[in-house]
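Have a look at the structure below, then the notes.
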Amino acid sequence: NARVRCALRPLSAVTMAALGVLAVDAELRSLGVPMHLLPRMNKLESEWAMILEARKRAGEITWYGFEAIKLRLADNTYYTPDFAVIKSYGHGLEFHETKGFWRDDARVKIKVAAEMFPFFKFYALKKKRKKDGGGWDIEGF
């Protein structure tokens, strides 16, 4: 499991470094990302948060929040996007979903949400492997 933090007792720096998250979170903290955003993020989410923070500082976005909004899709069925993002220009609220791989139910939920809420933009972000050139594949819904 990529979720490596515990709210009651943080992991040691050695353990976190071994899991490959120390550098990412240290960079996020140095950029001023609030600590309350970090404990629940996995490594992939933390990497995307660094990109969003850089875009915020560059003036491209005015706000982003991690798991800040829950969308009701049906009775007892909800979709909580990884990030809600407000751009400084353009289409207002966007939802960003980071994935290492897709489970069927997750893909169905984002597609249903995009159909039910056409006034929002939905994006799935999958990190490319270094041997494939790195960066991110972005899929819009």
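Determine the share of segment 89-141's accessible area contributed by carbon and sulfur atoms, expressed in whole percent, with a 1.4 angstrom probe.
On the way: 1880 of 3550 Å².
Here carbon and sulfur together make up 53 percent of the probe-accessible area.
Please go through the residue pairs 70/126; 70/131; 70/99 and name each one whose alpha carbons sit more than 24 Å apart in this structure. The pairs that break the limit, which is 24 Å between Cα atoms, are 70/131.
Based on the Cβ-Cβ distance of residue 108 and residue 42, what FRET efficiency does E = 1/(1 + (r/R0)^6) give at R0 = 22 Å, to the nearest 0.05? So the FRET efficiency works out to roughly 0.55. Shape of segment 57-141 from the C-alpha gyration tensor: oblate (a/c of 1.5 or more and a/b not above b/c, with a ≥ b ≥ c the square roots of its eigenvalues). Straight distance only, please: which aspartates and glutamates reach the Cα of residue 43 with their own Cα at less than 13 Å, same-chain residues fewer than 8 apart left out? Result set, ordered by chain and number: 25, 27, 82.
Shape analysis of segment 68-110 yields a ratio of the Cα radius of gyration to the Kirkwood radius, Rg/Rh, of 1.02.
For segment 52-110, the solvent-accessible area with a 1.4 angstrom probe is 55 square angstrom per residue. Taking a Cβ cut-off of under 10 Å around residue 80, the surrounding Lys, Arg, Asp and Glu residues balance to a net charge of -1, with basic ones at +1 and acidic ones at -1.
The values are calculated or read from the model by the stated rules, or taken from the named source; none is laboratory data. Here the structure is a predicted model, which means the values were calculated and not measured. FYI the Cβ positions are ideal-geometry reconstructions off the backbone, even for glycines, and counts take in every protein chain you see. Heads up: the accessible areas ignore ligands, DNA and RNA and are worked out on the full protein's heavy atoms, side chains in. Shrake-Rupley method; radii C 1.70, N 1.55, O 1.52, S 1.80 Å.
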